[in-house]
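Worksheet for the structure shown next.
The values are calculated or read from the model by the stated rules, or taken from the named source; none is laboratory data. Just so you know, these numbers come straight off a predicted model, no measurement behind them. Cβ atoms come from the backbone with ideal geometry, glycine included; neighbour counts cover every protein chain shown. With ligands, DNA and RNA removed, areas are computed over all heavy atoms of the protein, side chains included. Shrake-Rupley method; radii C 1.70, N 1.55, O 1.52, S 1.80 Å.
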Amino acid sequence: MFKATLRQILARGSIIGINQLFILIAIPVLASRLDLYVFGQIAIGFTLAQLSWIISDWGVQHLSIEEWGKKKNLTEKNKFTSSVIVLNILISTLCLLIIYGLIFIKVIEFSTFFFICLTPSILLGAVYPLWYFQVNRSPSEIIVPTFLSRIIFITLIYFFAKSNETAYWAFLAQGINFFFITLFSFYRISSKYNFRWTKVNFLDIKNLEKKSRPYLINAITNNQVNTLWGFGLAIIGGPLAMAIFNLGDQIYRAGGALTNIIAQSVRINFIGKSFINIRFTLLFFILFYVILSICINLLTSNVIEYFFSDQYKSAIPIIQIMIIAWGLHAIVKLLNYPILGETHGADWVNQITYKILFLHALAFLFWMIFLSGPKSLAVMFTVVIGCQLLIFLFHIFQKIR
């Protein structure tokens, strides 16, 4: 089981790793060419896109793991996939309308032109069916197309996003990248897995939305809650604060994408197994997270001083704090569905997630009233993640005893 899990992690991890690597390459390129304010606008745009993708997915990444094996034939699988696509499109369209409304009433300090350029990546990223390859245990099929599409992404940024006036190419490049990989993905699931569009009705969509909703809350709380904090900072702090916080957030997001894959792969391969079966895998990845977070923390100062100008030096402690948060949260994800899902049940995990999300909301409110700035935001975020880890460990030890 451990070897099968590791193979799947390496396959899907390659895809996410390629995506995040090219984003991390693009960030210093953009930071060196844009002033702090415009770079902050780019950071806000990336955060809006990320938040839209999370909401548009509506928990399907996790729900599909639990439900796919229950589909008895190809017809049921095609209907489920068609329902997911419709739900993705509807929610991503709603996200775009809400974002535009927030820009229009000036709640978010973000260019309307940038929003137009960002729209294709939000829509295409929402329907990108990575989950389909995950549940069929074949993510290796899209490693090469992902790499090629990301080459296009970084090439467009390098040659076209050269100044404040052409910064919008950061969003257009992202949209073009998603166009190619999404097009290939749908071609692949149609040609190899015989996916055919199946007519779905309102009741199908409503049932899927209801089933997925708890998984969405769990995904936001345990996988992407940093995006919510970044969104809050974008509203309150504006582009300048986001420009500094974004560096730590991108490192956290890159690491978070990897740990999401690990947690999901462990769940797929160990679902229905006892704690004894999963114990070695659990300890292996916890040790891996601890060592990796220490190494990255030690390298942070040198990397920032080498690749970024002096105006970004204030981001060093923020990055270091966010790496600590990443390490704690990586362990939380391993304890989430893979452990608590077995010991307490997926429904119980989804219910406690609502309480954790409420804790995040209280902590953000405390920061907004009594504190300010991206550094204190990173500290408060890390404190909440630490509390969540303690809560999860308490429940696990209680069950084991």
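Structure notes:
- Residue identified as open to solvent by 20 Å² or more (accessible area, probe 1.4 Å) and modelled with pLDDT of 85 or more among Ile323, Ile331: Ile331
- Filtered residue count, segment 104-158, keeping only those that are under 23 Å from Leu183 (Cβ atoms) and either of a type outside the set (Phe, Trp, Tyr) or at pLDDT 95 or above (or both): 36
- Helices (runs of 4 or more DSSP H) within segment 102-178 that include 2 or more residues out of contact with any Ser or Thr (no Cβ under 6 Å at 6 or more places or on another chain), open to solvent by 30 Å² or more (accessible area, probe 1.4 Å) and of a type in the set (A, V, I, L, M): 143-160
- Pairing each residue of segment 66-80 that is without any contact (Cβ under 8 Å) to a residue 60 or more places away in the chain with any residue that is open to solvent by 50 Å² or more (accessible area, probe 1.4 Å) and assigned to a helix (DSSP H, G or I), provided the two are 6+ apart or on different chains, yields C-beta distances under 6 Å for Lys71/Lys77.
- Within segment 1-57, considering residues that are over 14 Å from Ala161 (Cα atoms) and hydroxyl-bearing (Ser, Thr, Tyr), the one modelled with the lowest pLDDT: Thr5
Matching residues to (1) open to solvent by 10 Å² or more (accessible area, probe 1.4 Å); (2) touching a residue at least 40 places away in the same chain (Cβ under 8 Å):
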{"residue": "Phe186", "(1), (2)": "yes, yes"}
{"residue": "Val200", "(1), (2)": "yes, yes"}
{"residue": "Lys206", "(1), (2)": "yes, no"}
{"residue": "Asn218", "(1), (2)": "no, yes"}
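- A single member of Ile103, Ile98, Ile116, Ile108 is within 30 Å of Gly238 (Cβ to Cβ) and touching a Leu at 6+ places or on another chain (Cβ under 7 Å), and it is Ile108.
- Selected residue (only one of Ser314, Ser376 is closer than 17 Å to Leu228 by Cα, in contact with a helix residue (DSSP H, G or I) (Cβ under 9 Å, 6 or more places away or on another chain), surrounded by fewer than 21 Cβ atoms within 10 Å (Cβ to Cβ) and modelled with pLDDT of 85 or more): Ser376
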